[in-house]
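Visitor: Please read through the structure below; I'll follow up with questions.
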Amino acid sequence: MNTVSTPQPNIVLFLVDDMGWQDTSEPFWTERTPFNDRYRTPNMERLARTGMKFTQAYACAVCSPTRVSLLTGLNAARHRVTNWTMVRDEARDAPSNELEFPEWNMNGICPDGSVPNTVQARCLPSYLAEAGYRTIHVGKAHFGASDTPGADPLNLGFEVNIAGHAAGGPGSYLSEQGFSGAWRQADLFWDIPDLEEYHDTGTFLTEALTLEAIRETKRAVADSKPFFLYMSHYAVHVPFAEDPRFIGRYLDEGLDHTEAMYAALLEGMDKSLGDILDMLEEQHVADDTIVIFMSDNGGLSAHGRGGEPHSHNKPLSSGKGSAHEGGIREPMIVRWPGVTEADTTCDDAVIIEDFLPSILEMAGTPDAARTDGISFVPQLRGERGCSRGRPLFWHFPNRWGPTGPGIGSYSSIRRDDWKLIYYHEPSRPERYELFNITEDIGETCNLAGKQPAVREELSSQLRDFLLSVDAQMPTDKQTGDAVPLP
Ligand code: CA
């Protein structure tokens with residue numbers, strides 16, 4: 001099936017940061033929600049009308065684990081970059097009175113293994129570059145801690161890198177602030193590199209990244225090179241800022257200032273998507289280009305937002321950092337001209353480590369990688385039910401910081417209708433939560449006590465998986481012993 005003469009489709013991976021499943025005017029649930037009516041993302045609607053929407057696409061609950069799984073095809077329990085990375089040799093775990101956290105891979109990815117506490121793995125762009133692709137990284141990287149090779153996308157197989165480094169958020173969205181965190185007395189660590197020509201031009205960060213991405217993509221087209229554009233927005237991560245192009249309407253509609261900034265960030269992100277889709281058409285490559293839309297974790301809701309905490313992803317419970325659906329379910333759309341049927345929906349569950357085997361299959365590149373993922377290309381070709389019986393796993397032996405529903409140190413499994421969460425904190429009143437996601441998408445009814453057979457079966461499957469990947473567990477400070485497996 002993989003022959004040298006196979007024409008290679010271009011691939012655009014459009015990745016948004018911290019965007020929730022409901023942060024769009026395109027519904028991903030069985031019914032429209034108030035959030036679908038609040039936000040304006042016409043270009044997501046346009047992509048969905050011409051592509052395939054995935055209603056049960058999953059990532060990890062925070063940034064780095066997702067991004068590392070995306071690039072390596074490995075589950076977080078295996079790659080051990082289980083929490084977010086920042087500065088070399090500094091774990092970002094919030095302190096805990098009862099748990100000691102394991103020595104996880106706090107330095108992120110390091111392909112040559114020269115830095116301790118990293119995952120040594122070959123990355124997606126490296127395979128694609130070898131297959132002849134121009135591999136372009138624009139925007140947020142967040143693959144490795146500062147002062148490690150993995151901080152620089154060029155060390156991971158990208159041929160071009162604009163604005164990607166160790167930081168997981170922007171210093172500022174505003175050109176007047178030089179995209180620097182100086183305005184909030186933040187460390188220079190957060191200053192976005194490479195965009196000096198946009199400083200003080202009034203160009204919002206999302207727009208500057210889009211212009212850069214378009215320029216690099218046109219260059220690849222001019223060079224007749226197949227391209228992999230990893231368009232990775234800093235939006236819609238904090239610190240929110242006013243995007244003057246879009247905020248007025250949301251303020252007029254009565255949204256509070258924070259939520260108006262958030263809605264405008266989303267609309268600016270969506271404009272970027274539209275500009276890239278337009279560019280593909282203008283360059284006459286739209287029919288040869290696969291476009292994949294994804295977010296890296298659920299929408300922020302535990303703090304920093306207007307209104308009630310843990311409510312911003314309704315009908316889902318909770319948000320970023322949570323094992324509940326609000327933390328991990330993502331708006332995903334794929335358009336593969338000639339393969340995906342227009343305006344279709346796929347309810348099969350897929351997860352972030354599936355992207356590497358899927359994209360390599362799209363590129364016609366033999367997959368030599370050891371991967372925990374399964375290609376979703378059959379679903380793109382119209383097959384359904386492929387994920388029936390397949391267990392999906394999450395593992396977070398860490399502490400994010402805020403508290404709320406589903407937020408803690410945990411391991412979890414989703415299989416068919418069910419999700420079981422096992423919390424590591426010994427003091428937690430309910431160590432297990434069992435939800436029927438199909439019937440109770442809001443995770444309101446814990447059935448762990450009422451459905452012991454289901455709980456036991458999933459618990460055993462989760463335990464076997466964690467053992468099989470030699471997953472790290474935290475230590476109970478009181479006993480000095482590792483927290484037992486589920
Ligand atoms: Ca994120």
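The values are calculated or read from the model by the stated rules, or taken from the named source; none is laboratory data. Keep in mind that this is a model prediction, so the values were computed, not measured. Glycine gets a Cβ as well: all are built from the backbone with ideal geometry, and neighbour counts include every protein chain shown. Calculation scope for accessible area: heavy atoms of the full protein, side chains included, ligands and nucleic acids excluded. Shrake-Rupley method; radii C 1.70, N 1.55, O 1.52, S 1.80 Å.
Visitor: How many residues, within the stretch 141-179, are without any contact (Cβ under 8 Å) to a residue 24 or more places away in the chain and open to solvent by 10 Å² or more (accessible area, probe 1.4 Å)?
Guide: Looking only at that region, the number is 4.
Visitor: Okay, moving on. Across the stretch 466-486, what is the total count of residues that are part of a strand (DSSP E or B) and among the small types (Gly, Ala, Ser)?
Guide: Residues of the stretch 466-486 part of a strand (DSSP E or B): 475-476, 482.
Narrowing further to those that are among the small types (Gly, Ala, Ser): 482.
Number satisfying all stated conditions: 1.
Visitor: Okay, moving on. Would you be able to tell me the number of residues in the stretch 434-459 that are small (Gly, Ala, Ser) and surrounded by 12 or more Cβ atoms within 10 Å (Cβ to Cβ)?
Guide: The number of residues fulfilling the criteria is 3.
Visitor: Need at least 1 residues that are within 16 Å of the ligand (Cβ to nearest atom) and either in contact with a Gly (Cβ under 7 Å, 6 or more places away or on another chain) or open to solvent by 10 Å² or more (accessible area, probe 1.4 Å) (or both) per element, so show me which helices (runs of 4 or more DSSP H) inside the stretch 2-94 make the cut, counting only ones lying wholly within it.
Guide: Hits in the stretch 2-94: 63-72.
Visitor: Shifting gears a bit: Can you pull out every residue in the stretch 379-404 that is assigned to a loop (DSSP other than H, G, I, E, B) and touching a strand residue (DSSP E or B) at 6+ places or on another chain (Cβ under 6 Å)?
Guide: Correct list: CYS386, SER387.
Visitor: Separate question: Answer yes or no: is there a residue in the stretch 228-249 that is in contact with a strand residue (DSSP E or B) (Cβ under 8 Å, 6 or more places away or on another chain) and more than 16 Å from the ligand (Cβ to nearest atom).
Guide: Yes, the stretch 228-249 has at least one match.
Visitor: So PHE376 fits all but one of (1) open to solvent by 50 Å² or more (accessible area, probe 1.4 Å); (2) touching a residue at least 24 places away in the same chain (Cβ under 8 Å); (3) touching a strand residue (DSSP E or B) at 6+ places or on another chain (Cβ under 9 Å); what number is the exception?
Guide: (1)
Visitor: Quick one: is VAL238 open to solvent by 40 Å² or more (accessible area, probe 1.4 Å) and under 24 Å from ILE352 (Cα atoms)?
Guide: yes
Visitor: Pairs under 7 Å by beta carbon, first residue without any contact (Cβ under 8 Å) to a residue 40 or more places away in the chain in the stretch 399-423, partner open to solvent by 10 Å² or more (accessible area, probe 1.4 Å) and part of a strand (DSSP E or B), six or more apart or different chains?
Guide: ASP417/ASN436
Visitor: Ok, one more. With the structure loaded, tell me whether ARG428 is within 23 Å of the chain's Cα centre (by Cα), open to solvent by 50 Å² or more (accessible area, probe 1.4 Å), farther than 29 Å from THR55 by Cβ and among the basic types (Lys, Arg) or whether it fails that test. Outline the logic, then answer.
Guide: Details: within 23 Å of the chain's Cα centre (by Cα): no; open to solvent by 50 Å² or more (accessible area, probe 1.4 Å): yes; farther than 29 Å from THR55 by Cβ: yes; among the basic types (Lys, Arg): yes.
No, not satisfied.
Visitor: Could you list, in sequence order, all residues of the stretch 411-448 that are in a loop (DSSP other than H, G, I, E, B) and of a type in the set (Asp, Glu)?
Guide: Step one: filter the stretch 411-448 for residues in a loop (DSSP other than H, G, I, E, B), giving 416-417, 424-431, 437-448.
Within the stretch 411-448, ASP416, ASP417, GLU425, GLU430, GLU439, ASP440, GLU443 meet the criteria.
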